[in-house]
Amino acid sequence: MHARNGIDYRSLVDLDHGTVDRRVFFADDIYETELDRIFARAWNFMCHESQIPNTGDFFLNFIGEDSVIATRDRQGRLQVLLNTCRHRGNAAPPLDEYLGEVGRLGLSMVAAHGDVAVVDGIQKYRIGCNWKLAVDNLFDWYHVQVSHASSLAAGYIRPPPWTSMDHIVALGEYGHAIGGPRLTRAMREGLTKQQHTADSPYMDESWRDRPEAQQQLGALGVESRGHPNIFPNLWIASSGTQLSLRLPRGPGATEIWWFTILDRDMPPELRKAAIMRANHTFGPAGMLEQEDGENWDQSTRAARGMVGRRYPLNFAMNLGRGTIRHEASGLAYIDTHISEHAQLWTYRSWAEWMAAEDWDTLRRNHSIPDGTV
């Protein structure tokens with residue numbers, strides 16, 4: 001059964017034309033169903049174990065709008081306590097099954113940095129946008145030259161070494177995805193050289209060439225400069241040193257949380273520079289996210305407009321031309337140029353979660369990446 005509240009959720013995402021009905025960004029009844037059928041059923045990121053190292057330590061987070069506490073009990077085990085009634089329909093699959101190859105690759109981009117811990121202080125702020133727009137932006141690589149022109153002009157970021165014609169998109173079951181440019185060894189070496197010679201800081205990608213990183217990430221993961229999203233709302237920055245939650249606060253508001261996570265053994269001067277870079281790239285003081293946030297806010301406002309709501313959002317770039325390949329591990333990916341495959345995969349999966357009444361239904365009816373998209 002696909003309908004709830006009289007809505008056929010699969011009909012809101014048109015896979016043939018690559019469009020998404022704008023009602024999904026402002027309708028109250030759709031939002032309430034998201035809280036029940038997505039956030040109350042999915043695995044949700046709570047915290048990193050380094051944030052609660054001792055018995056009795058705790059970290060407050062949210063599942064949708066429900067307040068939860070992650071803590072460490074007397075036996076040293078990690079526990080998550082919900083402050084209100086228990087959710088129905090949460091007979092979720094084991095985490096490893098839920099993550100699949102793409103979700104595990106996303107987390108490996110963090111683990112590949114070594115013995116990591118979260119930097120004290122989580123950046124939190126609110127933007128007037130629907131949470132899904134803040135999610136699908138992480139796959140959008142065609143806005144950078146325009147939206148972030150001021151950061152380029154100021155020299156905070158430089159023109160990238162990659163091209164728009166060589167991208168990797170990885171698609172996973174249940175909505176996980178990674179999308180962005182291919183970063184070859186020659187490009188990585190060039191960035192490392194800039195890091196050591198330039199006056200202004202630039203991202204060092206040499207960590208990808210450490211033996212332990214290559215083992216964890218595999219050949220495709222090492223070259224993927226895209227941002228992973230673990231469905232529904234955990235963004236892992238492509239550097240592997242930041243995590244972000246997009247927490248829903250009604251259909252027209254999202255609370256953004258940024259965690260900076262670094263190698264415990266990082267030299268003090270490099271650690272200071274990494275934290276500075278994190279604070280000024282994303283987050284409330286971030287050069288990039290101040291510009292992105294304006295886009296998300298305006299897109300949400302436009303979706304509510306009496307005229308704007310008549311026209312669906314279009315995610316049809318390269319539609320029908322993405323051939324899915326598989327690594328030996330089973331990881332599904334597309335060799336492509338700049339595209340909207342990851343965005344449309346996210347909304348396709350969103351519709352499947354919304355249409356499924358329970359986990360058994362979702363297991364039977366969710367999309368498995370294969371063929372041409």
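Ranked from largest to smallest solvent-accessible area, with a 1.4 Å probe on the protein heavy atoms, S238, S147 come out as S147, S238. In plain terms, the bigger the Kirkwood radius, the slower the diffusion; for the range 289-342, with that radius from Cα pairs, at 25 °C and 0.890 mPa s, Stokes-Einstein puts D at 174 µm²/s.
The orientation-averaged shadow of the Cα convex hull for the range 115-156, equal to a quarter of the hull surface, comes to 5.3 nm². Largest accessible area first, the listed residues D8, D36 line up as D8, D36 when surface is computed with a 1.4 Å probe on the assembled protein chains. Rolling a 1.4 Å probe over the protein chains gives W258 an accessible area of about 0 Å². On the principal axes of its alpha carbon atoms, the range 311-367 extends 41, 36, 13 Å, with the longest extent given first. Across q = 0.10, 0.20, 0.23 Å⁻¹, the range 227-349 modelled as identical point scatterers on its alpha-carbon atoms has Debye log10 I(q)/I(0) values of -0.46, -1.29, -1.38, in the order of the q list. Its Cα gyration tensor gives the range 1-148 an equivalent ellipsoid, and the semi-axes of that ellipsoid, as √(5λ) in whole Å with the largest first, are 31, 22, 16. The loop-placed trypsin sites (Lys or Arg not before Pro) in the range 306-360, going by DSSP, that have at most 15 neighbouring Cβ atoms within 10 Å of their Cβ come out as R321. Rounded to the nearest 10 square angstrom, R246 shows an accessible area of 0 square angstrom against a 1.4 Å probe.
Which value at 222 nm does the chain reach when only helices count, each DSSP H run of 4 or more adding -39,500 (n - 2.57), with the total divided by all residues and rounded to the nearest 500 deg cm²/dmol?
So the helix-based figure for the chain works out to -9500 deg cm²/dmol.
Ranking D14, D140 by solvent-accessible area of protein heavy atoms (1.4 Å probe, all protein chains present), from largest to smallest, gives D14, D140. Electrostatic tally near G286: other residues with Cβ closer than 11 Å to its Cβ, Lys and Arg +1, Asp and Glu -1, net -2. For the range 151-269, the Kirkwood estimate of hydrodynamic radius, built from reciprocal distances between every pair of different alpha carbons, is 16.1 Å.
Evaluating 6.51 cos²θ - 1.76 cosθ + 1.60 at θ = phi - 60° for every residue in the range 17-24, the Karplus couplings come out as 10, x, 10, 10, 4, 5, 4, 5 Hz, glycine and proline recorded as x.
Kirkwood Rh over Cα pairs of the range 97-205 into Stokes-Einstein at 10 °C, 1.306 mPa s: D in µm²/s? Rounded to a whole number, D works out at 94 µm²/s. Viscosity 0.692 mPa s, temperature 37 °C: what is the translational diffusion coefficient of the chain from Stokes-Einstein with a Kirkwood Rh over Cα pairs, rounded to a whole number of µm²/s? This corresponds to a translational diffusion coefficient of 154 µm²/s.
The values are calculated or read from the model by the stated rules, or taken from the named source; none is laboratory data. No experiment lies behind these values; they were computed from the predicted model shown. Cβ sites come from the backbone with ideal geometry, for glycine too, and all protein chains shown count toward neighbours. Surface areas here come from the heavy atoms of the whole protein model, side chains and all, with no ligands, DNA or RNA. Shrake-Rupley method; radii C 1.70, N 1.55, O 1.52, S 1.80 Å.
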